[in-house]
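The values are calculated or read from the model by the stated rules, or taken from the named source; none is laboratory data. The structure presented is a predicted model; accordingly, all values stated were derived computationally and were not measured. Glycine gets a Cβ as well: all are built from the backbone with ideal geometry, and neighbour counts include every protein chain shown. Just the protein is used for accessible areas: all its heavy atoms, side chains included, with ligands, DNA and RNA removed. Shrake-Rupley method; radii C 1.70, N 1.55, O 1.52, S 1.80 Å.
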Amino acid sequence: MTERYDLHSHSTASDGALSPTELVQRASGCGVTALALTDHDTTSGLHEAQHQADLVGMRLIPGIELSTNWQNKCFHIVGLGIDPTYEPLANATQFLQSTRLERAEKIAFKLEKKRIPGALEAVKKAAGEGMITRNHFADFLLSQNHVSTQQEAFDRYLAEGKPAYVSTIWAELEVAVNWITQSGGVAVLAHPMRYKLTTNWMHRLLMVFKEAGGQGLEVITSRMNPDELRRVSDYAKRFDLAGSVGSDFHNPENPWIELGRLPDLPNHIKPVWELLN
Ligand code: AMP
Ligand code: MN
Ligand code: MN
Ligand code: MN
């Protein structure tokens, strides 16, 4: 049987629209044979996802997408094959949950100053037990007709440099990589082209990442152009990083991104799943 991997996805445990059960069902329906659930800074969806994966006969890879800082910028590190009970990692998710709540309070305050009240109550309600993310604020702004798309919510309010942006101290990148590897997982730098780094800065980042124990680069992600694929593949080769493949699926209403619907990893790149137990 040919395997179909999707090693980056979100559920209602963070900013995904589907519950872990629904996500696993959809992945299975899309022909995915191995799915990693990688919610932002939380592993709380993994138990339910594993239960459903057992029911439908699909492999679930326990994952997380950690928010980290390096050089005052934010980078997302995906952990694959992690042990969510590893104490430093479990403690980190608790800490990051309070970080996210405090940030949400500050974002809401900034929106209030722009005469947009009620955001905090709305995002808390929408996130429920899960992590509060900027996507929840985008949904709120959309529902209140302050913007007409999610993207516009980022462009006008939530993105860096916009009125409701709050600069946040997350985990240190090297420390986050360590939590992942010490818990038995593989650390992967997520969506490398999204940081808009020059080649020089990307080389510096990858040096630090590698030194900290990082082993993978998300070579295939949704909506890449051929030039980006070539550049990311070059980075993987140069730093001897294994290639990961992940859609970063959030929401079935986005027609551009579907579970498991991704190009193949170039065959000169070592697949990250060869590093997973
Ligand atoms: P957070 O981790 O709370 O800052 O939220 C990050 C999430 O918001 C990402 O995973 C994306 O889903 C979404 N996001 C971040 N930046 C943008 C942007 N500029 N445009 C659209 N969505 C974004
Ligand atoms: Mn997200
Ligand atoms: Mn991300
Ligand atoms: Mn993601």
When restricted to Glu121, Glu112, Glu152, Glu129, the only residue away from ligand 2 (no atom under 14 Å from the Cβ) and under 19 Å from the mean Cα position of the chain (by Cα) is Glu129
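Among the helices (runs of 4 or more DSSP H) contained in region 109-219, which hold 3 or more residues that are of a type in the set (Lys, Arg) and modelled with pLDDT under 95? Give the derivation first.
Numbers: elements: 119-127, 134-143, 150-153, 173-182, 199-211.
Those helices (runs of 4 or more DSSP H) do not exist here; none qualify.
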Sort through Leu89, Leu55 and tell me the only one that's more than 16 Å from ligand 1 (Cβ to nearest atom), over 22 Å from Glu274 (Cβ atoms) and open to solvent by 40 Å² or more (accessible area, probe 1.4 Å).
-> Leu55
Residue list for region 71-86, restricted to those being part of a strand (DSSP E or B) and either under 18 Å from Thr181 (Cα atoms) or open to solvent by less than 10 Å² (accessible area, probe 1.4 Å) (or both) = Phe75, His76, Ile77, Val78, Gly79, Leu80
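Could you list all residues from region 40-52 that are small (Gly, Ala, Ser) and either within 13 Å of ligand 4 (Cβ to nearest atom) or surrounded by 23 or more Cβ atoms within 10 Å (Cβ to Cβ) (or both)? Outline the logic, then answer.
Here is the first cut: in region 40-52, the ones small (Gly, Ala, Ser) are 44-45, 49.
Answer for region 40-52, where residues must be small (Gly, Ala, Ser) and either within 13 Å of ligand 4 (Cβ to nearest atom) or surrounded by 23 or more Cβ atoms within 10 Å (Cβ to Cβ) (or both): Gly45, Ala49.
Take the residues of region 166-206 that are hydroxyl-bearing (Ser, Thr, Tyr) and under 24 Å from Arg100 (Cβ atoms): which is surrounded by the most Cβ atoms within 10 Å (Cβ to Cβ)?
Within region 166-206, the first condition is being hydroxyl-bearing (Ser, Thr, Tyr), and the residues that meet it are 167-168, 181, 183, 195, 198-199.
Among the residues that remain, those that are also under 24 Å from Arg100 (Cβ atoms) are: 167-168, 181, 183, 195.
Working: Ser167: 10, Thr168: 15, Thr181: 17, Ser183: 21, Tyr195: 15.
Here the answer is Ser183.
Can you say whether Ala13 is part of a loop (DSSP other than H, G, I, E, B) and within 16 Å of ligand 3 (Cβ to nearest atom), as far as the supplied structure shows? Steps first, answer last, please.
Numbers: part of a loop (DSSP other than H, G, I, E, B): yes; within 16 Å of ligand 3 (Cβ to nearest atom): yes.
It is true that Ala13 is part of a loop (DSSP other than H, G, I, E, B) and within 16 Å of ligand 3 (Cβ to nearest atom).
So, in region 244-276, how many residues would count as being among the acidic types (Asp, Glu), within 16 Å of ligand 1 (Cβ to nearest atom) and within 22 Å of Ile77 (Cβ to Cβ)?
Just the residues of region 244-276 that are among the acidic types (Asp, Glu), to begin with: 248, 253, 258, 264, 274.
From the residues that got through so far, the ones that are within 16 Å of ligand 1 (Cβ to nearest atom) too are 248, 253, 258.
Narrowing the set further to residues that are within 22 Å of Ile77 (Cβ to Cβ) leaves 248.
Summing the residues that are among the acidic types (Asp, Glu), within 16 Å of ligand 1 (Cβ to nearest atom) and within 22 Å of Ile77 (Cβ to Cβ) in region 244-276 gives 1.
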When you scan region 3-39, how many residues do you find that are closer than 27 Å to Ala138 by Cα and either buried (at least 24 other Cβ atoms within 10 Å of the Cβ) or without any contact (Cβ under 8 Å) to a residue 12 or more places away in the chain (or both)?
-> 19
Extreme residue, nearest to ligand 1 (Cβ to nearest atom), among residues of region 149-165 that are surrounded by 12 or more Cβ atoms within 10 Å (Cβ to Cβ), charged (D, E, K, R) and over 17 Å from Asn254 (Cβ atoms) | Lys162
Looking for whichever is within 23 Å of Thr42 (Cβ to Cβ) and within 16 Å of ligand 4 (Cβ to nearest atom) here; the options are Ala212, Ala190. Which one fits?
-> Ala190
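Step by step: first the residues of region 58-71, then only those that are touching a Ser or Thr at 6+ places or on another chain (Cβ under 8 Å) and away from ligand 3 (no atom under 16 Å from the Cβ), then the one that is nearest to Gly161 (Cα to Cα). Which residue is that?
Pro62
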Which numbered condition Ile61 fails, given (1) in contact with an Asp or Glu (Cβ under 9 Å, 6 or more places away or on another chain); (2) open to solvent by less than 10 Å² (accessible area, probe 1.4 Å); (3) away from ligand 2 (no atom under 16 Å from the Cβ) = (1)
What are the residues in region 256-275 that are in a loop (DSSP other than H, G, I, E, B) and surrounded by fewer than 19 Cβ atoms within 10 Å (Cβ to Cβ), if any?
-> Trp256, Ile257, Glu258, Arg261, Pro263, Asp264, Pro266, Asn267, His268, Lys270
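Pick from Ala127, Ala92: which is small (Gly, Ala, Ser) and out of contact with any His (no Cβ under 7 Å at 6 or more places or on another chain)?
So the residue among Ala127, Ala92 that is small (Gly, Ala, Ser) and out of contact with any His (no Cβ under 7 Å at 6 or more places or on another chain) is Ala92.
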